[in-house]
Amino acid sequence: MISRLRQQLRQLPEQVLQSNIWRSIFRQGYPDNDENRSLVVMNSVFLHFHPVKVKTNTLRPAYTLGLGIMSLFLFLILIFTGGVLTFLYLPTIEQAYVFIQELHTSVPFGALMRNAHRWAAHLMVLAVFLHMMRVFYTGGYKHPREFNWVLGVILLVITFLLSFTGYLLPWDQLSFWAITVGTNIAGYTPFMGAEVRAFLLGSTTVGGEALLRFYVLHVVLLPALLIILLGVHFWRIRKDGGLSAPLPAEEVEK
Amino acid sequence: MNTQEFAPQQQDKDYGLVEVMGRSTPMVNKGPEGTLPSWPYLFVWEALLFLGVSAMLLVMSILIDAPLREAANPNLTENPAKAPWYFLNLQELLLHMNPSLAGVIVPTAVLAFLMSIPYLDRNLSDIGIWFASRKGKLITIWSTIYTVPLLVGLILFDQYIRVRSLISEPELIPGWLIPMAVMGLLSAGLYAVVRPFRPNTREVLVAYFTGFVVTFFVLTIASTFFRGLGMNLTLPWNLPPGALSF
Ligand code: HEM
Ligand code: HEM
């Protein structure tokens, strides 16, 4: 009896891997051989961003420092936590601040969500900046990756803007005056400063119009833009032949 | 390699369809040697990083509460009123020159410089090597040693002596000409510092990029931790309550 059960249990994983349900989702068995290791990458929308095989240099933690991936993960966490906050948040002068207060006092795990969103936002800005430094100091921008670097600079700017627009949303003294200072800086654009500032704020001062504008930029337009450009960023990494790596010794001589 | 090893599930086949393409692989300049399957080697790292980042964030979010001040009040100016930390470097620059120059022209020029880097450095021989070379490492260090004290000096100069108290009229001179001359001299000086190394194009770029990064961090730190009431210099422990903008 017991031994029959034991044997059946031992066969269970294989049976699950062979079952119609498993196969309908994953299509291939466990990736412990070359064929399945290729298929697992090609059959999954998430894994197919990766090549089936990577250079050993790419796997060296001291090369990438994991910073690009960390930036991506922080962004995903921001989408998740931001999405949860968006269920409750209302971008009006009367309600925004009250909502944040309630988050801290009466919404279960509300403060945790807000904290996570805010700290992830700061960490993402830092991680993206450090990622740029890593790419620069390893020469990862060189041909044929020139354009991906240019794209990266745009990603950096969008990340700044995302964090900046989010900063206004709690509508407290900190955010109000930070955005006042920040948009004043934009107002110094030569020849059309006043226009630039009015375009950002929807008014001449930081008020309800600005809050709505920043909210829409923050939760819809800028994240959408970042997602699209990140798609291009990753696609380019593949098209540029994976990550940069030192040339083999014999080619350096040439 | 026999089919059993390569594709154990294809029991009924004893042949494989293999085509040799007459062109290079997408791995530019690299054959399949020196590679490993992404599963598991790459995915393990990614999974670990994801867990690490999430765990760190969770701990941080439990321990530290995000700040929330009084409700926004347009009639009650915060003092000091600070931008978010990653823009504080610009706000710091604003104290030293015409705001159009500090807030718009300099950052635009910096972005243009960053974007032009790959088009200036076309040499592939040192790709993938941290800091390009031993020389590049020394250049990074010397660029830092050169930039930090000069920036700190300039910040102190503008607090205690002030360009504008020496010459305030017309705005063109203290707001534009003097700052542009100072930035030009700083850049030229940086080149003079690294020239003895006989740097190639990439190594010159290493010097200037390092100059930019160090400036970014020095100005950010100065403005975040050393500017109190009225954005005057002070020490971090004398900051008015709530002067930290994160
Ligand atoms: C790169 C991505 C993002 C960054 C850098 C970012 C940054 C920020 C920052 C700094 C705040 C102010 C936080 C605070 O004071 O507590 C904020 C608030 C907020 N964000 Fe985001 N965010 C990002 C993505 C998103 C997304 C994708 C959504 C929605 C789908 C979102 C929804 C919100 C909401 C509703 C708030 C107001 C709640 C609050 O202030 O606590 N965020 N964000
Ligand atoms: C939202 C921000 C960004 C995300 C999520 C992101 C993500 C990534 C990831 C996952 C990689 C793979 C290698 C690695 O992890 O280092 C990568 C590579 C790269 N990134 Fe980014 N990145 C971002 C911003 C930037 C910025 C600001 C730059 C430069 C200004 C940049 C330039 C590059 C380049 C040139 C590569 C190829 C590097 C090589 O081949 O060695 N990226 N990025």
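Derived from the Cα gyration tensor, the three semi-axes of the equivalent ellipsoid of chain A are 43, 30, 14 Å, largest first.
Projected label points at B:Lys137 and B:Glu171, each 7 Å from Cα along the beta carbon direction, are separated by 5.0 nanometres.
Among the helices of chain A, those built from whole DSSP H runs whose Cα atoms reach 27 Å or more along their own axis and whose mean Kyte-Doolittle hydropathy is at least 1.0 are A:67-88, A:146-168. Out of A:Leu47, A:Leu17, A:Leu230, any idea which swings most in a Gaussian network model of chain A, alpha carbons joined below 10 Å? Of A:Leu47, A:Leu17, A:Leu230, the Gaussian network model singles out A:Leu17 as fluctuating most.
Highest GNM mean-square fluctuation among A:Glu14, A:Glu102, A:Glu209, for chain A modelled with Cα contacts below 10 Å: A:Glu14.
When peptides B:233-241, A:112-120, A:4-12 are ranked by their average number of other Cβ atoms within 10 Å per residue, the highest-first order is A:112-120, B:233-241, A:4-12. Each of B:Phe216, B:Val152, B:Ile127 was placed along the dipole of chain B (beta-carbon charges, centred on the mean Cα), and the one lying farthest toward the positive end is B:Val152. Here chain B is assigned +1 on the Cβ of each Lys and Arg and -1 on the Cβ of each Asp and Glu. Its dipole about the Cα centre then comes out at about 840 debye.
When you filter the chymotrypsin sites (Phe, Trp or Tyr not before Pro) in region A:32-89 for DSSP loop state and at most 13 other Cβ atoms inside 10 Å of their Cβ, you are left with A:Phe46.
Amide H to amide H, with H built 1.01 Å from N, A:Asp172 comes under 5 Å of B:Ala72, counting only residues 5 or more places away or on other chains. Think of a 1.4 Å ball rolled over the protein heavy atoms: region B:85-238 then has 49 Å² of accessible area per residue. Each listed q (0.11, 0.12 Å⁻¹) maps to a log10 I(q)/I(0) for the protein assembly as shown, found by the Debye formula over equal Cα scatterers with no solvent: -1.07, -1.21.
Centre-to-centre, using Cα atoms only, region A:68-93 and region A:104-149 are separated by 13 Å. Mean per-residue shielding of peptide A:183-196 is 4, counting Cβ atoms of other chains within 10 Å of each Cβ.
Comparing region A:110-220 with the 2.2 N^0.38 Å rule of thumb, its C-alpha radius of gyration ratio is 1.26 (two decimals). What the Cβ-Cβ distance of B:Asn123 and B:Ala188 gives, at R0 = 25 Å and to the nearest 0.05, is a FRET efficiency of 0.55.
Comparing Cα centroids, region A:1-37 and region B:155-172 end up 76 angstrom apart.
Near the amide H of A:Val54, within less than 5 Å, lie the amide hydrogens of B:Leu36, B:Ser38, all on another chain or at least 5 residues away, with H placed in the peptide plane. Here's how it looks for B:Arg227: its modeled amide H is under 5 Å from those of B:Thr234, which are all 5 or more places away or on a different chain. Only helices reaching 30 angstrom along their own axis (Cα) with mean Kyte-Doolittle hydropathy no lower than -1.0 count here, and for the DSSP H runs of chain B these are B:38-63, B:134-160, B:201-225. Under the simplified labelling scheme, the A:His48-A:Ala194 pair shows an inter-label distance of 5.5 nm, with each label point 7 Å from Cα along Cα→Cβ.
Nearest 500 deg cm²/dmol is fine: what mean residue ellipticity at 222 nm does chain B get from its DSSP H runs of n ≥ 4 alone, each adding -39,500 (n - 2.57), divided by its residue count?
That calculation yields -17500 deg cm²/dmol at 222 nm.
At each listed q (0.10, 0.13, 0.18 Å⁻¹), what is the log10 of I(q)/I(0) that the Debye formula gives for chain B modelled as equal alpha-carbon point scatterers? Log10 I(q)/I(0), no solvent term: -0.76, -1.04, -1.39.
Treating r as the C-beta distance of B:Ile62 and A:His143 and R0 as 41 Å, the FRET efficiency rounds to 0.35. For the segment B:87-97, counting C-beta atoms of other chains within 10 Å of every residue's C-beta and taking the mean gives 2. Exceedance of the 23 Å cut-off in Cα-Cα distance is limited, within the set A:Lys53/A:Lys239; A:Lys142/B:Lys135; A:Lys55/A:Lys239; A:Lys142/B:Lys137; A:Lys53/B:Lys135; A:Lys55/B:Lys135, to A:Lys53/B:Lys135; A:Lys55/B:Lys135.
The values are calculated or read from the model by the stated rules, or taken from the named source; none is laboratory data. Please read all numbers here as calculations on a predicted model, not as lab measurements. As a convention, Cβ positions derive from the backbone with ideal geometry for all residues, glycine included, and neighbour counts pool all protein chains shown. These area figures cover heavy atoms from the full protein model, side chains too; ligands, DNA and RNA do not enter into them. Shrake-Rupley method; radii C 1.70, N 1.55, O 1.52, S 1.80 Å.
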